[in-house]
Amino acid sequence: MTFDEGSVSPVRVGVAGLGRAFVLSRTAFVEDPRVRLIAAAEPREASRKAFVQEFGGKTYETVDALCGDADVELVYVSTPHEFHFEHVCKAAAAGKHVLVEKPLAISLDDGIRMTEACSAAGVHLLIGPSHSFDMPVQMARAIIREREFGRLRLINAFNYTDFLYRPRRPEELDTARGGGVVFSQGVHQIDIVRLLAGGLVRQVSAYTGSWDPERPTEGAYVAQLAFDGCIASMTYSGYGFFDSDEWMDGFGELGARKNMQVYGSARRALKARGPASEMDLKAARTYGLPDRPSTPESYEHFGPIIVSLEKADLRLTPAGLHVYAEDRREFRPAPPFRFSRSEMTAAIHSAVRLHRPPVQSGRWGLASLEVCHAILKSAADKAPVRLEHQVGANDHA
């Protein structure tokens, strides 16, 4: 896929927060001519200087000032979870479209108010980058929708990572402030499963694990999601032992080749520096400093996923889909990879310029947030939880 830059009117984007989240999405904004970074808000002076040096434009110390910039059309909210509500509402009040990092918010009430604020202001609210944008997920969804192999029956998704032992700020280890693997990681798995199954989760049954007193939040969960005609099982562990990227063709979650020989490196680095220096490790991963992620060579993923249809199973990989049917086994490659998160920037342009919002809207993000809360509630009450704020994958327009 190519773009004629001369025919594209790029969406003018301002970034709220130049931390790790922005670092991981930076390439898409650099490579896609349909979007252009023109401003940023960030309290760290070093990051503001780096932004001006790379992109030009203007920088501000506060999100209020960024939202007051008349040239900004869309605000990319990549601030910590606990600030999403405030920053999205400020952007909407200023008449800006919004792309907000997952999760939409921490509380459901705030999530509802955010979607209402954007609707009242007549602006688009998008959730991203979301792993449901990933090309192999989109390929599987197309097969399911076309019923090439009959109806969807079962989804099995699991992921084992070192998430809990990567450098964390205090709030990232506090569930009440949006920390732990359910809000930070589970929302990705929920997003993928909901898209494949049509979006409407009816009931959730779940268990969570919090097994390290030095990292006092949920580090693992097992959840069963009931849809109409389909069930899904999701497992996640962020305790840093087995790494399920081992089963993903040698690629890490972000699409870069992974050295599987550096087993346990996250735990060792954290232990070597100690708690007092954890914030230094975290700060070293922000924009404007030398630490940058490896260059992606493939589409992103979120661990092994098996999709069971009436007449075949699908196995998702970063490079495409393995199809296991009654009479054959085949591999369907994904389109050639161009750059990471191109689907996200395409969605921005489509929503703002063509008025075609993606599935990953504010209402979609609210529904995924509701499943996060249902996992925590089901685990606490040891009982299934019924859901009330779900939205279908075809109800986003």
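The values are calculated or read from the model by the stated rules, or taken from the named source; none is laboratory data. Since we're looking at a predicted model, the values are computed, not measured. Please note: Cβ atoms are built from the backbone with ideal geometry, for glycine as well, and neighbour counts cover all protein chains shown.
Here are a few things to note about the model shown:
- Pairs, first small (Gly, Ala, Ser) in the stretch 8-34, second part of a strand (DSSP E or B), C-beta under 6 Å, six or more apart: GLY14/ALA39; GLY14/VAL75; ALA16/ALA41; ALA16/VAL75; ALA16/VAL77
- Within the option set PHE251, PHE241, being of a type in the set (Phe, Trp, Tyr), in contact (Cβ under 8 Å) with a residue 40 or more places away in the chain and either within 29 Å of ASP174 (Cβ to Cβ) or surrounded by fewer than 18 Cβ atoms within 10 Å (Cβ to Cβ) (or both) holds for one residue only, PHE241.
- The residue pairs whose first member lies in the stretch 108-128 and is without any contact (Cβ under 8 Å) to a residue 60 or more places away in the chain, whose second member is crowded, with 24+ Cβ neighbours inside 10 Å, and whose beta carbons are closer than 6 Å, counting only pairs six or more residues apart or on different chains, are ALA117/ALA92; ALA121/ALA92; VAL123/ALA92; VAL123/HIS97.
- Residue check, GLU73 farther than 27 Å from HIS301 by Cα and touching a strand residue (DSSP E or B) at 6+ places or on another chain (Cβ under 7 Å): yes
- Applying the condition of being of a type in the set (D, E, K, R) and surrounded by 19 or more Cβ atoms within 10 Å (Cβ to Cβ) to the stretch 35-53 and asking which residue is nearest to LEU18 (Cα to Cα) yields GLU42.
- For the stretch 185-214, the tally of residues that are in contact with a Lys or Arg (Cβ under 8 Å, 6 or more places away or on another chain) and at pLDDT below 95 stands at 0.
- Checklist (1) over 29 Å from LYS377 (Cβ atoms); (2) modelled with pLDDT of 95 or more applied to PRO167, failing item: (2)
- Subset of the stretch 172-186 (residues that are charged (D, E, K, R) and buried (at least 19 other Cβ atoms within 10 Å of the Cβ)): GLU172
- Residues that are touching a Pro at 6+ places or on another chain (Cβ under 6 Å), under 22 Å from CYS230 (Cα atoms) and in a helix (DSSP H, G or I), drawn from the stretch 159-208: VAL187
- When HIS349 is tested against (1) touching a helix residue (DSSP H, G or I) at 6+ places or on another chain (Cβ under 9 Å); (2) in contact (Cβ under 8 Å) with a residue 24 or more places away in the chain, just one condition goes unmet, and that condition is (1).
- Scope the stretch 306-357; condition of a type in the set (Ser, Thr, Tyr) and assigned to a helix (DSSP H, G or I); matching residues: SER342, THR345, SER350
- For PHE242, the conditions (1) out of contact with any helix residue (DSSP H, G or I) (no Cβ under 8 Å at 6 or more places or on another chain); (2) assigned to a strand (DSSP E or B) are fulfilled apart from (2).
- Screening VAL222, VAL201 for residues that are surrounded by fewer than 22 Cβ atoms within 10 Å (Cβ to Cβ), aliphatic (A, V, I, L, M) and either outside the structural domain of ALA380 (by TED's automatic domain parsing) or over 18 Å from HIS301 (Cβ atoms) (or both) leaves exactly one candidate, VAL222.
- The stretch 149-171: number of residues that are closer than 15 Å to VAL323 by Cα, of a type outside the set (Val, Ile, Thr) and crowded, with 21+ Cβ neighbours inside 10 Å: 1
- Selection of the stretch 358-389 for residues being under 18 Å from the mean Cα position of the chain (by Cα) and part of a loop (DSSP other than H, G, I, E, B) yields PRO358, VAL359, GLN360.
- Of all the residues in the stretch 270-289, those that are loosely packed, with under 15 Cβ neighbours inside 10 Å, assigned to a helix (DSSP H, G or I) and not charged (D, E, K, R) number 5.
- Among the residues making up the stretch 54-108, those that are farther than 20 Å from GLU370 by Cβ, surrounded by fewer than 22 Cβ atoms within 10 Å (Cβ to Cβ) and among the polar types (S, T, N, Q) are THR59, THR62.
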